[in-house]
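Just so you know, all these numbers are worked out from the coordinates, no wet-lab data involved. Note that the structure is predicted; figures quoted are calculated from it, not measured. Virtual Cβ from ideal backbone geometry, glycine too; neighbours counted across all protein chains shown.
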């Protein structure tokens, strides 16, 4: 990541200097891009993960079906989702799909909600039925797979309680996860230190409490749903799991992890070779070599032209 | 020499130097890096062309419940679920799996011999939600090692990971990528996943004799089979 960001920044700074320098800077930036494919390969080769969430209070049990993709598949994500439930993820081939939501037990043709969506490789999507029974809608939520900072998880809130037009979720002695989130709209992800947290929920007819366990390196959605007697309840669901961190998740109730965990993942590449099969012609020459030779030739030509002028 | 020309020359030199060393890993502390095992103690690389799945064991169901509300597995469950063997028939891999941690400077450890595959113990267990990371050598000082043919893997190839309790988890290859080690995509390889995925890592690209290391890493990506 730093490599990819550094190159354009360098180019920008140098662009104010004379034009030849700018040309070299451009070449540098280009070389940085081409020799660091990893920095730009945001998505790993992989399937698209898709799941369904029923977040319309008062709406009956619903079936979520997706059709399409490269093989024109039909996949039932869940055949009878009750209010306040989130299905497991299904792995789909990346591509274009149509999602439909129909009353459980009825044919797909009687769908009450339909939407089209496109999913890329190693992406995560939640098809969320949200809103009210009068005005339900099917939202395509993008689930974040960005690695959380060391010792933290990424947490968002999906407010789906009829009793609360807005909801504020605060961890006791900890971060405010969302402040005045609007019913039916998923919030952005917020970093939350790993541990067991007591949550205060406000904005409904009465204030409520909940307890959630948060593991470092993971990504969560807290669905806020109607509980009994106007109270709010939290349904915690895991969006994604990363590499675990020793010492994380050991905090007591209401407090963050007691020990500072280490980095989430090992640093850099892996030294998995001894060279016994390497030869002078082994492997493809790095793109950078060709680029560098080209740049040297270009530089020499330009210098010759100036000297000759 | 004009300022402009000097800038150009410096720029071109920087471009050449930067690109030429762009894939190289710095030498390991204490001089040229040495392989983890001495050549005399290395067993021949294990290739069993017709790798066959073990008879024992059964398919492990992918966890269906939500881990956020599931209690942490105990030590016994962890011991039973850890990977002990990996089979990749398409490239003739049938190897034992050892545990890997991180080195003092934070890099992923590697197996001490060329025949074994290592499991990063802080990555996901077989069939568990998240990335399971396995690393193996492409070669040792004498010849091919367990992941010598990893670069040949194609999408759709099957991988089986056997757990300590004999259960098997099947994965299917999504693709293979190669990255310079100094631009290793940590977030892509180790980052969070909504479901069980597998990453097989080895070395690739050209060998840097000055450091004793390959300049690139090859990574095979796989998703749990439905």
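When the Cα convex hull of the range A:91-187 is projected onto planes of every orientation, the mean area is 8.6 nm². Distances longer than 19 Å among the Cα atoms of the range B:113-222: what percent of all pairs is that? For the range B:113-222, the share of Cα pairs beyond 19 Å comes to 45 percent. Note on the range B:127-213: antiparallel DSSP beta bridges, both residues inside, total approximately 55 percent of the bridges counted.
Across peptide A:46-56, the mean count of Cβ atoms from other chains lying within 10 Å of each residue's own Cβ comes to 3. Inter-part distance, the range A:62-93 to the range B:83-131, computed on C-alpha centroids, equals 33 Å. For B:137, B:213, the sequence from fewest to most other C-beta atoms within 10 Å is B:213, B:137.
Once C-alpha pairs closer than 8 Å and six or more residues apart are averaged by separation and normalised to the residue number of the range B:96-194, the relative contact order reads 20 percent.
Here r is the Cβ-Cβ distance between residue B:103 and residue A:114 and R0 is 60 Å; the resulting FRET efficiency, rounded to 0.05, is 0.70. The distance from the alpha carbon centre of the range A:96-111 to that of the range B:150-226 is 37 Å, rounded to a whole number.
For the range A:172-218, the equivalent ellipsoid derived from the Cα gyration tensor has semi-axes of 20, 15, 8 Å, listed largest first. One way to sum up the overall shape of the range B:68-169 is the equivalent ellipsoid from its Cα gyration tensor, whose semi-axes run 24, 17, 12 Å, largest first. Sorted ascending by nearby beta carbons within 10 Å, beginning with the fewest, A:215, B:152 become B:152, A:215. When A:206, B:181 are arranged by Cβ crowding within 10 Å, least crowded first, meaning fewest neighbours, the order is A:206, B:181.
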